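The values are calculated or read from the model by the stated rules, or taken from the named source; none is laboratory data. All of these numbers come straight from a predicted model, not from anything done at the bench. Every residue, glycine among them, receives a Cβ derived from its backbone with ideal geometry; neighbour counts consider all protein chains shown.
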Amino acid sequence: MEVVKKYSEPELVQLLRERGESAFGYLYDNYSGALLSIILNIVNEEELANDVLQDVFVKIWKQIDSYDSSKGRLFTWMLNIARNASIDTVRSKSFQNSRQNRELTEDVYAAGGTSETRTDQIGLRKMVHSLKEEYRVLVELSYFQGFTQDEIANMLKIPLGTVKTRLRAALTQLREIIKP
Amino acid sequence: MDIKVYIESGVIESYVLGMADAQEAAELEQLSRQHPAIRKAIDEFEAALEQQALATAVMPAPRVKEQLLAELAFEKKSKKSVVIGWSRYLAAASVILLVVSASLNVYFYKQFSSAHTAYQALLVEKTSLLSENQQTQTKLLDLHSNMQMMSDPSMIKVSMPGVAGKENSLATVFWDSKSKDVYLLPNKLPEAAAGKQYQLWAIVDGKPVDAGVIEACAGLCKMKNIPTASMFAITLENKGGSTAPTLDQMYVAGKVG
């Protein structure tokens, strides 16, 4: 999606804080697709991902006063809201239940063409796939599934120090891949 | 600390992606204020991440935007209720008038539209007035609390006149003798050149101690806590501050007591 530069970032933030509806429309038109891409990476299910996207924009609208521009870009702030909301959704009980049901029915239709294989082949997660295996696993667990480094060390039975160093190395490589 | 190694350590990516713990994040924020190279690396990664996300955007379902606009309009309902009441009355009236005369109907509708437009314009004006009013109130509250602080008997006032060659400069330190918090009032300091920033120093046992760089602030600026000092002084340093003062760039200085 092409971003049409209509407002500078400080202008946009100011207009959002003044509750400008056209500023909100602009924000939505330019960033909803980018945020949906990361939500799909985590939630894996199109309908639900769209619901999460809606919640994310309500949060952005309500919490815009807590955005601190000295700490980073508006998009980074929105991206973190989207990631946290997605992880919360995946961890919620109702999601876990519906997933179990769905897996049972999907077994019937055999493999190929399910939404799961598609949503990890887009956006950031696709790039993470090009990391080497021991790095990829760590980024998957920590970034897309939201596990802490302690939890990951326990799950994979490797020392916490190793998790830390590998994850840092993985992220440095990821930056090189993302670099335009 | 080796800045280059720090930048390459992955901590910046971890911070931007929201994966750093509170301690790492606080450390990075502190360092990014002192080292422009770190700030630049953060900015670059954020920009790359944004570009990458925009390039792989997925079109959301159209219902999302519709529902959002409906939900957010719902939040503003209380303000618009007057219009809704009127429009209902007008709608009823126009049905009757339609029977009587189609032309009158059109006339009333036009009247309504212009009233509605005027009302919308007033609403916008009211919102902007409200926000201006809020800003003024915040400023007033700040000034009031500054005044309370300055008049506190435990507050030591250290006047710092301009040094030789900078006689026109003046700044005042307010030093809380109980909490040891330091506040600065930059009464008269020339505007710092681009890339430069004023920095406050406390002189402790004849040695300068960093009391913080002076950011743009309304009224009193809160500086670092200084337990003991015999003198305060301000120098002009590179943005982000220095570890030792550049003495030929001293603007004001004043003894305590």
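General observations
Every residue, every condition in (1) without any contact (Cβ under 8 Å) to a residue 12 or more places away in the chain; (2) not polar (S, T, N, Q), yes or no:
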residue: B:133; (1), (2): yes, no
residue: B:140; (1), (2): yes, yes
residue: B:164; (1), (2): yes, yes
residue: B:171; (1), (2): no, yes
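- Test for residue B:191: is it within 26 Å of residue B:236 (Cβ to Cβ), assigned to a loop (DSSP other than H, G, I, E, B) and either in contact with a strand residue (DSSP E or B) (Cβ under 8 Å, 6 or more places away or on another chain) or at pLDDT 90 or above (or both): no
- Hits in region A:52-90 - residues which are free of Cβ contacts under 8 Å to residues at least 12 places away in the same chain and charged (D, E, K, R): A:62, A:68, A:71, A:88
- Pairs with Cβ under 8 Å, 6+ apart, first in region B:51-71 and at the interface with another protein chain (Cβ under 7 Å from one of its Cβ atoms), second of a type in the set (Val, Ile, Thr): B:52/A:178; B:53/A:38; B:54/A:3; B:56/A:122; B:58/A:122; B:68/A:58; B:71/A:58
- Scope region A:50-79; condition more than 7 Å from chain B (Cβ to nearest Cβ) and among the β-branched types (Val, Ile, Thr); matching residues: A:52, A:56, A:60, A:64
- Filtered residues of region B:25-76 (kept if closer than 22 Å to residue A:27 by Cβ, among the basic types (Lys, Arg) and surrounded by 15 or more Cβ atoms within 10 Å (Cβ to Cβ)): B:65
- The condition of being in contact (Cβ under 8 Å) with a residue 12 or more places away in the chain, farther than 26 Å from residue B:37 by Cβ and of a type in the set (Phe, Trp, Tyr) does not hold for residue B:198.
- Residue in region B:201-220 that is farther than 15 Å from residue B:170 by Cα, assigned to a strand (DSSP E or B), under 19 Å from the mean Cα position of the chain (by Cα) and without any contact (Cβ under 8 Å) to a residue 40 or more places away in the chain present: yes
Residues are listed down the side, and each one gets a yes or a no for (1) crowded, with 19+ Cβ neighbours inside 10 Å; (2) aromatic (Phe, Trp, Tyr); (3) in contact with a Pro (Cβ under 7 Å, 6 or more places away or on another chain):
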{"position": "B:158", "(1), (2), (3)": "yes, no, no"}
{"position": "B:165", "(1), (2), (3)": "no, no, no"}
{"position": "B:171", "(1), (2), (3)": "yes, no, yes"}
{"position": "B:177", "(1), (2), (3)": "no, no, no"}
{"position": "B:184", "(1), (2), (3)": "yes, no, no"}
{"position": "B:209", "(1), (2), (3)": "no, no, no"}
{"position": "B:219", "(1), (2), (3)": "no, no, no"}
{"position": "B:225", "(1), (2), (3)": "no, no, no"}
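- Summed over region B:103-127, the residues that are small (Gly, Ala, Ser) and surrounded by 11 or more Cβ atoms within 10 Å (Cβ to Cβ) give a count of 1.
- Filter result for the condition that a residue is farther than 30 Å from residue A:20 by Cβ and not assigned by TED's automatic domain parsing to the domain that holds residue B:229, over B:92, B:171, B:121, B:164: B:92
- Scanning region B:134-188 for residues that are of a type in the set (Lys, Arg) and modelled with pLDDT of 85 or more turns up B:157, B:166, B:178, B:180, B:188.
- Check on residue A:31, away from chain B (no Cβ under 12 Å), among the hydroxyl-bearing types (Ser, Thr, Tyr), over 20 Å from residue A:145 (Cα atoms) and buried (at least 16 other Cβ atoms within 10 Å of the Cβ): no
Residue-wise test of (1) touching a Lys or Arg at 6+ places or on another chain (Cβ under 8 Å); (2) crowded, with 19+ Cβ neighbours inside 10 Å; (3) at the interface with chain B (Cβ under 9 Å from one of its Cβ atoms); (4) of a type in the set (S, T, N, Q).
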{"residue": "A:142", "(1), (2), (3), (4)": "no, yes, yes, yes"}
{"residue": "A:153", "(1), (2), (3), (4)": "no, no, no, no"}
{"residue": "A:160", "(1), (2), (3), (4)": "no, no, no, no"}
{"residue": "A:167", "(1), (2), (3), (4)": "no, yes, yes, no"}
{"residue": "A:176", "(1), (2), (3), (4)": "no, no, no, no"}
{"residue": "A:179", "(1), (2), (3), (4)": "no, no, yes, no"}
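- When every residue of region B:24-41 is checked against the conditions, at least one turns out to be at pLDDT 90 or above, part of a loop (DSSP other than H, G, I, E, B) and outside the structural domain of residue B:117 (by TED's automatic domain parsing).
- Verdict on residue A:82 being touching a Ser or Thr at 6+ places or on another chain (Cβ under 9 Å) and either more than 14 Å from chain B (Cβ to nearest Cβ) or modelled with pLDDT of 90 or more (or both): no
- Sub-6 Å Cβ pairs linking a first residue in region B:29-45 that is within 12 Å of chain A (Cβ to nearest Cβ) to a second residue that is basic (Lys, Arg), at least 6 apart or interchain, are B:32/B:39; B:45/A:175, ordered by first then second residue.
- Every residue from region A:34-45 that is in contact with a Leu (Cβ under 7 Å, 6 or more places away or on another chain) and more than 8 Å from chain B (Cβ to nearest Cβ): A:39, A:41
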